[in-house]
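Beneath this line is the structure, given in structure tokens, with notes to follow.
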Amino acid sequence: MPNIESAIKRVRTSEVANAKNSSQLSTMRTAIKKFEEAVESGADNVDALFKDAVKAIDMAESKGLIHKNKAGRDKSRLSKKVAK
């Protein structure tokens with residue numbers, strides 16, 4: 001544990017940011033998994049789940065949690081599954 005006051009505060013803020021970032025990434029991964037499972041099972045709500053997954057990817061990209069090329073690659077892969 002740091003002794004300097006500003007370093008102590010930085011640890012606190014880092015923990016909060018880490019929790020938010022982890023939550024956002026988890027939400028993105030969950031949305032993608034739900035979409036992929038719906039595609040495999042042939043569910044009716046594939047389009048809605050696709051929109052949710054793309055939105056989650058875009059949010060993660062805009063927050064800087066994933067690289068823009070990864071976001072594009074993920075969205076491309078999802079759209080290929082919709083097209084089938």
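Annotations
- Output for segment 64-84, where each listed residue is exposed (fewer than 11 other Cβ atoms within 10 Å of the Cβ) and under 24 Å from Val39 (Cα atoms): Asn69, Ser76, Lys80, Ala83, Lys84
- All of (1) aliphatic (A, V, I, L, M); (2) modelled with pLDDT of 95 or more; (3) surrounded by 12 or more Cβ atoms within 10 Å (Cβ to Cβ) hold for Ala19 with one exception: (3).
- Within segment 11-64, restricting attention to residues that are free of Cβ contacts under 8 Å to residues at least 12 places away in the same chain and in contact with a helix residue (DSSP H, G or I) (Cβ under 7 Å, 6 or more places away or on another chain), the residue that is farthest from Lys75 (Cα to Cα) is Asn45.
- Elements of type helices (runs of 4 or more DSSP H) contained in the chain, each with 1 or more residues being touching a strand residue (DSSP E or B) at 6+ places or on another chain (Cβ under 6 Å) and of a type in the set (Lys, Arg): none
- Among residues that are over 11 Å from the mean Cα position of the chain (by Cα) and hydrophobic (A, V, I, L, M, F, W, C), Val54 is not included.
The values are calculated or read from the model by the stated rules, or taken from the named source; none is laboratory data. A quick note: this is a predicted structure, and the numbers were derived from the prediction, not measured. We place every Cβ from the backbone using ideal geometry, glycine too, and count neighbours over all the protein chains shown.
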